[in-house]
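> Take a look at this one; I'll ask things after.
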Amino acid sequence: MNEHTIRNVVIVGGGTAGWMAAAAFSRFLANGVTRITLVESDEIGTVGVGEATIPPILTFNRMLGIDEGEFLRETAGTFKLGIEFVDWGGLGERYFHPFGFHGRDLQGVHFHQLWLRERARRQIPDISAWSMSAVAAGAGKFGRPSPDAKSAVKELLYAFHFDAGRYAAFLRRYAERGGVTRIEGKIEAVETRPADGHVASVTLADGQRIEGDLFVDCSGFRGLLIEEALGTGYDDWTRWLPADRAVAVPCALPGEPDPFTRATARGSGWQWRIPLQHRMGNGLVYSSKFMDDDAAEAELLANLEGEPLADPRRIRFTTGRRRQCWNRNVVALGLSSGFIEPLESTSIHFIQSGIARLIALFPDLRFDPIERDEYNRQMRDLYEDVRDFVVLHYKATRRSDTPFWNHCRTMDVPDSLNRKIDLFGAKGRLFREGQELFATTSWVAVCLGQHIVPETHEPAADALDEEKVAAALAQMYEEYQAVAQRLPTHAEFIEKSGAASPLAAPKPVEPALPTFSFENETPFADRNFSL
């Protein structure tokens with residue numbers, strides 16, 4: 001430690017972003033010198049609809065030493081193997097975006113290239129039939145993968161669905177055990193230093209003044225520090241992602257929870273369906289230019305699978321990002337830093353990525369611009385990469401049955417996305433650049449699922465023996481089907497693995513089923529997984 005060490009970190013706002021940051025800082029900044037304070041008001045609610053995640057959250061939990069069973073019990077969580085998309089490419093159609101990857105590459109040739117070559121020869125199943133996660137999800141099965149497994153179960157990747165409010169409470173308990181101080185109160189004023197414009201303190205309604213060296217803005221869409229105090233600016237992406245409203249409501253669980261999220265395209269947007277142990281999370285994301293709020297609420301309520309458990313909540317947003325996620329001595333996380341609608345469940349990942357990058361580039365009191373600029377560059381690239389992938393879902397549709405889908409189908413998209421679509425459309429080629437979140441499997445799933453089918457395959461696929469490739473595909477297909485059938489059901493696994501929440505309906509006690517241990521500390525290191 002030296003005279004430049006940051007001694008006071010102040011997190012403004014709680015919710016998922018605030019308490020994820022507090023928990024991580026309590027684990028990685030516990031140096032005996034730096035104090036972590038979180039300020040939140042009980043009067044101010046949180047959006048709290050980020051109930052679905054992607055596989056990197058396993059890394060976050062593991063970094064914090066969180067026990068998975070305890071985490072799921074406390075948050076009424078379930079397992080997630082991917083996302084089922086309904087009516088996106090065309091009415092009456094569906095496809096699955098799995099976690100993990102499609103098949104196994106052969107002699108350096110990507111599996112989807114071999115699938116494209118085989119598809120040109122004869123009729124074969126959808127490519128999702130060669131994904132362990134997709135096949136298990138379709139059968140309602142789940143097993144925790146082991147790197148030592150001798151079967152395709154080791155190719156199964158997963159994330160979670162959970163109650164966002166309970167997740168924040170779970171992390172609050174973790175953070176407070178780690179020494180984080182919580183101060184309740186509503187911030188009435190922000191003081192900046194005249195010399196350099198850095199935030200010096202925040203003042204609460206009761207007059208309490210809280211000073212800090214580094215401030216983390218988790219105040220939501222408002223951006224209390226990053227925008228209202230520092231005027232950072234915001235890039236609006238509505239021209240590519242026209243949805244600007246959402247309405248959310250939980251309902252009774254109609255049966256056993258599925259191990260996947262469902263996204264169903266509606267006339268002016270899409271509806272999410274997120275099964276937890278004790279309820280179903282539902283929401284409709286839509287464009288106010290094509291549908292009014294009352295009509296959206298009515299459409300959502302009309303398409304619930306169970307009795308509503310609360311009044312619908314309406315949310316307004318503008319898709320885009322802050323021009324700088326780190327400005328002066330303020331770092332924005334969560335909704336304060338930007339928002340891309342939850343179609344691919346990336347909201348919590350943006351928080352996780354922002355925290356990881358901040359810890360990796362953690363400053364001292366000199367606030368070296370090179371650290372700030374690198375952080376902003378990495379976060380900008382992440383937001384733009386995710387933006388392009390989400391825009392792909394809207395652009396790649398054949399629907400013309402409503403004005404909304406006509407607009408999406410014919411709209412201009414970023415040049416970076418056009419380039420990817422054109423490359424894939426020619427010979428199925430995809431190139432992962434830098435730290436892109438979505439890899440080959442993800443782009444293949446959405447492109448093929450929504451009818452962007454390459455004209456042909458790349459020449460390297462023709463170098464492999466035709467009969468051997470066909471036999472390999474058949475062997476893989478049969479293995480995925482057989483392994484899925486041997487797995488326990490999703491509900492059975494939750495019950496027998498000790499993850500059942502007391503909020504869920506009690507089930508009869510039966511003999512424990514065998515489970516698959518997950519012991520690999522770097523589950524994403526050896527393959528380019530989809531998420």
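The values are calculated or read from the model by the stated rules, or taken from the named source; none is laboratory data. Quick caveat: nothing in here was measured; it's all calculated off a predicted structure. Because the Cβ atoms are built from the backbone with ideal geometry, glycine has one as well, and the counts that use them run over all protein chains shown.
> For Asp163, all conditions in the list (1) under 18 Å from Pro488 (Cα atoms); (2) crowded, with 23+ Cβ neighbours inside 10 Å; (3) of a type in the set (D, E, K, R) hold save one; what is the number of the exception?
Every condition holds for Asp163 apart from (1).
> Here is a further query. Can you give me the number of residues within the range 360-378 that are surrounded by 15 or more Cβ atoms within 10 Å (Cβ to Cβ) and in a helix (DSSP H, G or I)?
Count: 6.
> Continuing with the same structure: Would you pick out the residues in the range 319-354 that are β-branched (Val, Ile, Thr) and not in a strand (DSSP E or B)?
Thr319, Ile340, Thr346, Ile348, Ile351 - these are the residues of the range 319-354 that are β-branched (Val, Ile, Thr) and not in a strand (DSSP E or B).
> Would you kindly identify the strands (runs of 3 or more DSSP E) lying entirely within the range 201-318 that contain at least 1 residues that are of a type in the set (Gly, Ala, Ser) and out of contact with any Gly (no Cβ under 9 Å at 6 or more places or on another chain)?
261-266, 269-275, 280-286
> Restricting the range 379-388 to residues that are out of contact with any Lys or Arg (no Cβ under 9 Å at 6 or more places or on another chain) and of a type outside the set (A, V, I, L, M), which is surrounded by the fewest Cβ atoms within 10 Å (Cβ to Cβ)?
Residue satisfying both the conditions and the ranking: Asp381.
> Working carefully through the options Asn2, Asn8, find the one that is in contact with an Asp or Glu (Cβ under 6 Å, 6 or more places away or on another chain), polar (S, T, N, Q) and farther than 29 Å from Phe317 by Cα.
Going through Asn2, Asn8 in turn, the sole match is Asn8.
> Which one of these is crowded, with 24+ Cβ neighbours inside 10 Å, out of contact with any Phe, Trp or Tyr (no Cβ under 7 Å at 6 or more places or on another chain), of a type outside the set (Lys, Arg) and under 30 Å from Asp258 (Cβ atoms): Ala24, Ala52?
On the way: Ala24 fails: under 30 Å from Asp258 (Cβ atoms).
Testing whether each residue is crowded, with 24+ Cβ neighbours inside 10 Å, out of contact with any Phe, Trp or Tyr (no Cβ under 7 Å at 6 or more places or on another chain), of a type outside the set (Lys, Arg) and under 30 Å from Asp258 (Cβ atoms) leaves just Ala52.
> I've got another one for you. Consider the range 122-158. How many of its residues are among the aliphatic types (A, V, I, L, M) and surrounded by fewer than 23 Cβ atoms within 10 Å (Cβ to Cβ)? Before the answer, list the steps.
The first filter runs over the range 122-158 and keeps only residues among the aliphatic types (A, V, I, L, M), leaving 124, 127, 129, 132, 134-137, 139, 149, 152-153, 156-157.
Pick out the ones that are also surrounded by fewer than 23 Cβ atoms within 10 Å (Cβ to Cβ) and you get 124, 129, 139, 149, 153.
Qualifying residue count, the range 122-158: 5.
> Pick from Arg387, Arg399: which is part of a loop (DSSP other than H, G, I, E, B) and among the charged types (D, E, K, R)?
Numbers: Arg387 fails: part of a loop (DSSP other than H, G, I, E, B).
On inspection, the qualifying residue turns out to be Arg399.
> Quick one: which residue in Lys150, Lys186 is over 30 Å from Asp401 (Cβ atoms), out of contact with any Ser or Thr (no Cβ under 9 Å at 6 or more places or on another chain) and not polar (S, T, N, Q)?
Being over 30 Å from Asp401 (Cβ atoms), out of contact with any Ser or Thr (no Cβ under 9 Å at 6 or more places or on another chain) and not polar (S, T, N, Q) holds for just one of Lys150, Lys186, which is Lys150.
> Of the residues that make up the range 119-132, is at least one of a type in the set (D, E, K, R), in a helix (DSSP H, G or I), touching a residue at least 40 places away in the same chain (Cβ under 8 Å) and over 30 Å from Thr402 (Cβ atoms)? Walk me through how you get there before you give the answer.
We begin by selecting, within the range 119-132, every residue of a type in the set (D, E, K, R); these are 119, 121-122, 126.
Narrowing further to those that are in a helix (DSSP H, G or I): 119, 121.
Among the residues that remain, those that are also touching a residue at least 40 places away in the same chain (Cβ under 8 Å) are: 121.
Applying the additional criterion that residues be over 30 Å from Thr402 (Cβ atoms) yields 121.
There is at least one residue in the range 119-132 that is of a type in the set (D, E, K, R), in a helix (DSSP H, G or I), touching a residue at least 40 places away in the same chain (Cβ under 8 Å) and over 30 Å from Thr402 (Cβ atoms).
> Quick check: anything in the range 419-430 within 18 Å of Ser131 (Cβ to Cβ), within 22 Å of the chain's Cα centre (by Cα) and either among the acidic types (Asp, Glu) or part of a helix (DSSP H, G or I) (or both)?
no
> If you scan the range 118-164, which residues turn out to be touching an Asp or Glu at 6+ places or on another chain (Cβ under 7 Å) and among the charged types (D, E, K, R)?
Asp163
> Restricting to the range 231-245, name every residue that is in contact (Cβ under 8 Å) with a residue 40 or more places away in the chain and surrounded by fewer than 23 Cβ atoms within 10 Å (Cβ to Cβ).
Hits for the range 231-245 are Thr232, Gly233, Tyr234, Asp235, Asp236, Trp237, Thr238, Arg239, Trp240, Pro242, Asp244, Arg245.
> Moving on. Scan the range 453-467 and give yes if some residue there is in contact with an Asp or Glu (Cβ under 8 Å, 6 or more places away or on another chain) and modelled with pLDDT of 95 or more, otherwise no.
Scanning the range 453-467, I find no residue that is in contact with an Asp or Glu (Cβ under 8 Å, 6 or more places away or on another chain) and modelled with pLDDT of 95 or more, so the answer is no.
> So, Ala175, is that one crowded, with 23+ Cβ neighbours inside 10 Å, aliphatic (A, V, I, L, M) and outside the structural domain of Phe215 (by TED's automatic domain parsing) or not?
Here the answer is no, as Ala175 does not meet what is asked.
> Restricting the search to the range 255-289, which residues are touching a residue at least 40 places away in the same chain (Cβ under 8 Å) and either assigned by TED's automatic domain parsing to the domain that holds Pro488 or out of contact with any strand residue (DSSP E or B) (no Cβ under 8 Å at 6 or more places or on another chain) (or both)?
Listed by number, the residues that qualify are Gly267, His278, Lys289.
> Here are the criteria: (1) in the same structural domain as Glu479 (by TED's automatic domain parsing); (2) touching a residue at least 40 places away in the same chain (Cβ under 8 Å); (3) surrounded by 22 or more Cβ atoms within 10 Å (Cβ to Cβ). Tell me which single one Phe111 does not satisfy.
For Phe111, the failing item is (2).
> Which is within 25 Å of Ala134 (Cα to Cα), surrounded by 20 or more Cβ atoms within 10 Å (Cβ to Cβ) and free of Cβ contacts under 8 Å to residues at least 60 places away in the same chain, of Leu448, Leu473, Leu392, Leu437?
Matching residue, one of Leu448, Leu473, Leu392, Leu437: Leu392.
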